[in-house]
Amino acid sequence: MTDTGGAARLDIVIPVYNEGANILRTLAAIEKDVATPSCVLICYDMESDNTLPAIENNRALFPKTTIRFVRNQGHRAHGAVMSGFAESKAPFVLVMPADDDYNAGILDAMVAKAQTGCDIVCASRFMQGGSMVGCPRLKAFLVRAGSLTLHHVARLPARDASNGFRLFSRRVLDRIAIESDSGFCYSIELLVKAHRLGWPIGEVPARWIERQHGTSRFKVLSWLPAYLRWYFYAFATTFLRRPPETVGLKAPQARTEVYG
């Protein structure tokens with residue numbers, strides 16, 4: 001990670017829950033492969049989380065990486081990410097899994113695509129060059145079926161709608177209100193709302209490998225009803241021609257343009 005002495009262009013939000021066995025490899029990959037001036041926001045639930053001492057005791061391994069701890073002001077995975085968003089100041093914000101030590105090399109490409117005007121850049125497992133390895137069968141079926149139908153039938157301009165590994169522009173986080181309150185549902189919500197607004201969406205190929213250490217916070221069955229709300233929202237955009245005014249935008253600011 002190049003240290004330019006200036007403000008970060010990219011904030012990397014990493015929600016954690018006892019990721020001590022994973023986080024050092026992930027941070028090492030970011031240190032090695034990310035050139036964009038960045039800040040890593042470690043979003044944690046409790047002071048006893050073993051991720052914190054793992055990082056504190058090994059900061060010397062990451063001399064070029066700015067790392068900040070952000071206490072979860074809400075609940076569980078959703079609250080951790082929202083707390084990271086609230087603390088972020090960079091023009092681009094990316095959410096990355098704590099156990100992903102193999103995709104850091106695509107972060108610069110995601111930022112480059114965002115700099116061309118894309119408000120959301122998806123890390124896609126389902127485009128050429130992407131892959132999904134070791135996923136449990138039920139989860140694999142649900143995420144593939146959902147993403148394929150959204151892309152090919154609802155014409156959502158992204159091949160991987162459910163992956164929480166995603167970059168957002170400051171405009172998305174400042175302008176679009178998040179109604180979801182569970183898991184990583186906010187990610188598909190922001191995607192389909194940006195699509196309804198006609199904001200540019202891009203994607204880059206990414207790998208996904210089933211985690212080897214720790215417990216995943218992705219609860220596919222318990223979050224399914226919340227995901228379905230935004231799944232049908234995308235279809236309504238395409239087939240019912242819902243106008244942008246139906247998108248829940250945040251309260252107007254002095255410098256923002258507001259629909260409706």
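Which of the residues that make up the stretch 86-102 are outside any loop (DSSP other than H, G, I, E, B) and either free of Cβ contacts under 8 Å to residues at least 12 places away in the same chain or surrounded by 21 or more Cβ atoms within 10 Å (Cβ to Cβ) (or both)?
Of all residues in the stretch 86-102, those outside any loop (DSSP other than H, G, I, E, B) come to 86-87, 92-95.
Selection gives PHE92, VAL93, LEU94, VAL95.
Residue-wise test of (1) in contact with a Lys or Arg (Cβ under 9 Å, 6 or more places away or on another chain); (2) under 20 Å from VAL81 (Cβ atoms); (3) not aliphatic (A, V, I, L, M).
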residue: ARG25; (1), (2), (3): no, no, yes
residue: LYS32; (1), (2), (3): no, no, yes
residue: ALA35; (1), (2), (3): no, no, no
residue: VAL40; (1), (2), (3): yes, yes, no
residue: CYS43; (1), (2), (3): yes, yes, yes
residue: ALA54; (1), (2), (3): no, no, no
residue: ASN57; (1), (2), (3): no, no, yes
residue: LEU61; (1), (2), (3): no, no, no
residue: LYS64; (1), (2), (3): no, no, yes
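What number of residues within the stretch 23-35 are surrounded by 18 or more Cβ atoms within 10 Å (Cβ to Cβ), part of a loop (DSSP other than H, G, I, E, B) and more than 18 Å from the chain's Cα centre (by Cα)?
Counting residues in the stretch 23-35 that are surrounded by 18 or more Cβ atoms within 10 Å (Cβ to Cβ), part of a loop (DSSP other than H, G, I, E, B) and more than 18 Å from the chain's Cα centre (by Cα) gives 0.
Among the charged types (D, E, K, R), in contact with a His (Cβ under 9 Å, 6 or more places away or on another chain), modelled with pLDDT of 95 or more and not in a strand (DSSP E or B): is that true of ASP181 in this structure? Explain how you work it out, then say what you get.
Values: among the charged types (D, E, K, R): yes; in contact with a His (Cβ under 9 Å, 6 or more places away or on another chain): yes; modelled with pLDDT of 95 or more: no; not in a strand (DSSP E or B): yes.
Judged against the criteria, ASP181 is not a match.
Can you tell me which residues in the stretch 105-127 are in a helix (DSSP H, G or I) and closer than 11 Å to ARG207 by Cβ?
Just the residues of the stretch 105-127 that are in a helix (DSSP H, G or I), to begin with: 105-115.
Listed by number, the residues that qualify are GLY105, ILE106.
Consider the stretch 36-45. How many of its residues are assigned to a loop (DSSP other than H, G, I, E, B) and within 20 Å of GLY183 (Cβ to Cβ)? Please lay out each step first, then the result.
Of the residues in the stretch 36-45, the ones assigned to a loop (DSSP other than H, G, I, E, B) are 36-37, 45.
Retained after the next criterion (residues that are within 20 Å of GLY183 (Cβ to Cβ)): 45.
Qualifying residue count, the stretch 36-45: 1.
Using the structure shown, decide if SER131 is within 26 Å of ARG144 (Cα to Cα), crowded, with 19+ Cβ neighbours inside 10 Å, touching a residue at least 12 places away in the same chain (Cβ under 8 Å) and of a type in the set (Gly, Ala, Ser). Please lay out each step first, then the result.
Values: within 26 Å of ARG144 (Cα to Cα): yes; crowded, with 19+ Cβ neighbours inside 10 Å: no; touching a residue at least 12 places away in the same chain (Cβ under 8 Å): yes; of a type in the set (Gly, Ala, Ser): yes.
Criteria not met by SER131.
If you go through the stretch 70-78 one residue at a time, do you hit one that is in contact with a helix residue (DSSP H, G or I) (Cβ under 8 Å, 6 or more places away or on another chain), surrounded by 16 or more Cβ atoms within 10 Å (Cβ to Cβ) and among the aliphatic types (A, V, I, L, M)? Spell out the reasoning first.
Let us first name the residues in the stretch 70-78 that are in contact with a helix residue (DSSP H, G or I) (Cβ under 8 Å, 6 or more places away or on another chain), namely 70-74, 78.
Pick out the ones that are also surrounded by 16 or more Cβ atoms within 10 Å (Cβ to Cβ) and you get 70, 72, 78.
Subsequent filtering for residues that are among the aliphatic types (A, V, I, L, M) retains 70.
Yes, the conditions are met somewhere in the stretch 70-78.
The values are calculated or read from the model by the stated rules, or taken from the named source; none is laboratory data. These numbers come from a predicted model, not from an experiment. Neighbour counts run over all protein chains shown; Cβ positions are idealised from the backbone, glycine included.
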